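Working notes for the structure below.
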Amino acid sequence: MAHGAPDRVAGLALFELAAGVIGLVAVLVMGLPPAGTWWYIIASALLHLAYLGGLLASYQLGQFSQMYPLARGTSPWVVAVVSIVVLHQTMAVLELAGVLLVSAGLIALVFIGRPGRGQVPALFAAIGTGLMIASYTVVDGLAVHKMPVATYMGWVFMLQGFAVPLAVLFWRGRQAFNLPRPAILSGLAGGVVSMAAYGLVLWAQTRGTLAAIAALRETSIIFGAIIGAIFFHERFGPKRAAAAAVVVAGIVLITTG
């Protein structure tokens, strides 16, 4: 939805506006977070804003079916390293191998396309986006063990959700939102879908190891590559199908490990 929007900046702003409204409702229902947990909320909101900026830059500079897998594929192995080295979480050997396979398969989806020199800025933007994803994933994984998921999700999305459209309004004025009705509805629907997906991930993080959940989450890249081929007419081909098969093999190892 973000990549296909006629105005990607306005599209992302509408995404965030819808998420911000849902977050506000959650805050009104759930109330304040526990004492001493505000830094998780603020850190996650800021990291999400940096992620959105990187994602927008990636989509502006490169192909969806290349930038999206690189951004999402960078995250799982970074989360795995942080989980083991910093947080001292343990992982089964098969589970760790699965995480690395998922990451390798996702990143392979990018370089099969042989990005040229002109795409170097796009590659850096996508890698930076992946590091932001890894960062907020670690913060979220810690936060959901400190407070209810609905409380955390509500505050994070309320803060970032209203910040983005306000920034766009200040930057580009009201004309930024002079979009066709289908584009507005698509943007708002995207925010609802994004919120639901994020809530499922947070719930999963309360029941599994951080690195494994991060890797399984990024299997959306396979669907992203298919969407890029069908809706944006970007090449998929047998090599990308093979890379997708590597991702599936990684999933099998994670779930059996």
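Go through region 154-189 and give me each residue that's farther than 14 Å from Leu14 by Cα, open to solvent by 30 Å² or more (accessible area, probe 1.4 Å) and in contact with a helix residue (DSSP H, G or I) (Cβ under 6 Å, 6 or more places away or on another chain). Across region 154-189, the qualifying residues are Trp155, Leu159.
From the list Arg174, Arg240, the lone residue that is basic (Lys, Arg) and within 17 Å of Val102 (Cβ to Cβ) is Arg240. Would a scan of region 55-70 turn up a residue that is open to solvent by less than 30 Å² (accessible area, probe 1.4 Å), at pLDDT 80 or above and either over 18 Å from Arg240 (Cα atoms) or out of contact with any strand residue (DSSP E or B) (no Cβ under 6 Å at 6 or more places or on another chain) (or both)? Yes; the residues of region 55-70 include at least one that is open to solvent by less than 30 Å² (accessible area, probe 1.4 Å), at pLDDT 80 or above and either over 18 Å from Arg240 (Cα atoms) or out of contact with any strand residue (DSSP E or B) (no Cβ under 6 Å at 6 or more places or on another chain) (or both). Can you spot a residue in region 79-90 that is in contact with a helix residue (DSSP H, G or I) (Cβ under 9 Å, 6 or more places away or on another chain), in a helix (DSSP H, G or I) and under 10 Å from Ala215 (Cα atoms)? Yes: one or more hits. Pick from region 127-147 the residues that are in a helix (DSSP H, G or I) and open to solvent by 40 Å² or more (accessible area, probe 1.4 Å): which of them is farthest from Val201 (Cα to Cα)? Among those that are in a helix (DSSP H, G or I) and open to solvent by 40 Å² or more (accessible area, probe 1.4 Å), it is Ile127. Return yes or no: is Leu216 modelled with pLDDT under 85, buried (at least 21 other Cβ atoms within 10 Å of the Cβ) and within 18 Å of the chain's Cα centre (by Cα)? No, not satisfied. Residues that are at pLDDT below 80 and in contact with a Lys or Arg (Cβ under 9 Å, 6 or more places away or on another chain) within region 94-133 comprise Leu106, Ala108, Leu109, Ile112, Gly113, listed in sequence order.
The values are calculated or read from the model by the stated rules, or taken from the named source; none is laboratory data. What you see is a predicted model; the values in this text were computed from it and never measured. So basically every Cβ, Gly included, is an ideal-geometry build from the backbone, and we count neighbours across all protein chains shown. Side chains included, ligands, DNA and RNA excluded: accessible areas come from the protein's heavy atoms. Shrake-Rupley method; radii C 1.70, N 1.55, O 1.52, S 1.80 Å.
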